[in-house]
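Below: one structure, written as structure tokens.
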Amino acid sequence: MSSMLEIEAYFSLGRFRHRSLWKEGAPLWDPLRWLDDYLSAQAFQIEIKVLPGVVLDRPEQIAIGPGTVIEPGVYIQGPCIIGKGCVLRHGAYLRDGVVCGDRCAIGHSAEIKHSILLDDAAATHFTYVGDSILGNGANLGAGVKCANLRLDRAEVSVFLEGKPMRTGLKKFGAMVGDRVQIGCNCVLNPGTLVGRESISHPLLNFGGTILPRSRISDEKKMKIEPIVAPLLELMEKARVP
């Protein structure tokens, strides 16, 4: 399980232009710790025509790469870096320091807070990504939530071999590896680590450390059976004329 502390279990950084966020010997989630400092050292340039209806808060601290499409109704708060060829759909909300690689997709009513998206990552509609890292080609289905704060407000730990490991972070959502697919309406608890190329079924609540190429599922199965006669009679009586 010690291999789950190595970057290869989650991400390939070779082509990611912000790979310097990962420092040799530092924990894999530490880019979230110094994300603000990294952004403060960047030169920002908006390389597209911004459509009416797009709100840029502190535009002097926002970079948007060529070929990116931002639909009306999007709200972006600087500092923020958005790469080339991305799509941000109506109602998307980016705040508190965000780095997006190239060709990322952020859907309607998605909120991205203090997070890093590698190339081709997708956070589709009605998602929340808080203090998290999404890998290359990772996809969050509709309604997925990366919860970033414990109910008791204590420091977030990650669990390796069933033992907690301190992160030093009060807010830490999830690390979702390259090409991971998270099914619709899942909740990832604070400190969740999902190894690359894993998939999860929809409607799950899970956490911990997930090995690469794992399938995350629930043994419960939907049950379909005929309505019994007494219940059918009650339904008929209760029907409004």
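What follows draws every value from the coordinates through simple rules; no lab data is involved. None of these values were measured; they are calculated from a predicted model. All Cβ positions, glycine included, derive from the backbone under ideal geometry; neighbour counts span all protein chains shown.
What list of ³J(HN,Hα) values in whole Hz, one per residue of the range 8-14 in order, does the Karplus curve 6.51 cos²θ - 1.76 cosθ + 1.60 (θ = phi - 60°) give from phi, with Gly and Pro shown as x?
5, 6, 10, 10, 10, 9, x
Show me 42-50, 191-199 ranked by packing, highest mean number of other Cβ atoms within 10 Å first. Please report the intermediate quantities before stating the final value.
On the way: 42-50: 12.2, 191-199: 22.2.
Peptide ranking by packing, descending: 191-199, 42-50.
Ranked by Cβ crowding within 10 angstrom, fewest neighbours first, how are I7, I112 ordered?
Numbers: I7 13, I112 29.
Result, fewest neighbours first: I7, I112.
Just the number, please: percent antiparallel of the DSSP beta bridges in the range 2-238, rounded to the nearest 5. Can you show the working numbers first?
Numbers: 6 of 56 bridges.
Rounded to the nearest five, the antiparallel share is 10 percent.
Over the residues of the chain, compute the C-alpha Rg and express it relative to 2.2 N^0.38 Å. Walk me through the intermediate numbers first.
On the way: Rg = 20.4 Å, N = 241, 2.2 N^0.38 = 17.7 Å.
Against the empirical 2.2 N^0.38 Å value, I get 1.15 for the chain.
Can you tell me, using C-alpha contacts under 8 Å and at least 6 residues apart, the relative contact order of the range 7-145 as a whole percent? All intermediate terms of the calculation are to be shown ahead of the outcome.
Values: 362 pairs, mean separation 21.6, N = 139.
Here the relative contact order equals 16 percent.
What FRET efficiency comes out for L160 versus V55 if R0 is 51 angstrom and r is the Cβ-Cβ distance? Round to the nearest 0.05.
On the way: r = 41 Å, r/R0 = 0.81.
That gives a FRET efficiency of 0.80.
Residues with amide H under 5 Å of V69's amide H, sequence separation 5 or more or different chain, H placed in the peptide plane at 1.01 Å from N; which?
C86, V87, L88
HN-Hα J couplings of the range 162-171 from phi, Karplus 6.51/-1.76/1.60, θ = phi - 60°, integer Hz, Gly and Pro as x?
Per residue, the Karplus-derived 3J(HN,Hα) values read x, 10, x, 10, 5, 9, x, 10, 7, 10 Hz.
Beyond 18 Å, what share of the Cα-Cα pairs of the range 1-126 is found? Please give it as a whole percent. Present the calculation step by step, with values, prior to reporting the outcome.
On the way: 3969 of 7875 pairs.
Counting pairs separated by more than 18 Å, the tail of P(r) holds 50 percent.
Find how many whole Å separate the alpha carbon centroid of the range 1-72 from the alpha carbon centroid of the range 177-222.
Centre-to-centre (Cα) distance: 24 Å.
Just to check I understand the Karplus step: with θ = phi - 60° and J = 6.51 cos²θ - 1.76 cosθ + 1.60, what whole-Hz values come out for the range 199-211, glycine and proline as x?
So the J values, rounded to whole Hz, are 9, 10, 6, x, 6, 10, 10, 8, x, x, 10, 10, 5.
Tell me the relative contact order for the range 82-241 as a rounded percent, counting alpha carbon contacts under 8 Å between residues six or more apart.
On the way: 456 pairs, mean separation 22.0, N = 160.
About 14 percent, as a whole number.
Counting other beta carbons within 10 Å of each Cβ, put W29, W34 in order, fewest first.
W34, W29
Counting other C-beta atoms within 10 Å, which of E8, E24 has the fewest, and how do the rest follow?
Working: E8 13, E24 5.
The order, fewest Cβ neighbours first, is E24, E8.
What are the extents of the Cα atoms of the range 135-199 along their three principal axes, listed from largest to smallest and rounded to whole Å?
30, 24, 18
Provide the packing ranking of 88-97, 147-156, i.e. peptides ordered by the mean count of other C-beta atoms within 10 Å per residue, highest first.
Working: 88-97: 20.3, 147-156: 14.9.
With the highest mean Cβ count within 10 Å placed first, the list reads 88-97, 147-156.
So what is the calculated 222 nm ellipticity per residue for the chain, using -39500 (n - 2.57) for each DSSP H run with n of 4 or more, over all residues, to the nearest 500 deg cm²/dmol?
Details: 2 runs with 16 residues, N = 241.
Calculated mean residue ellipticity at 222 nm is -2000 deg cm²/dmol.
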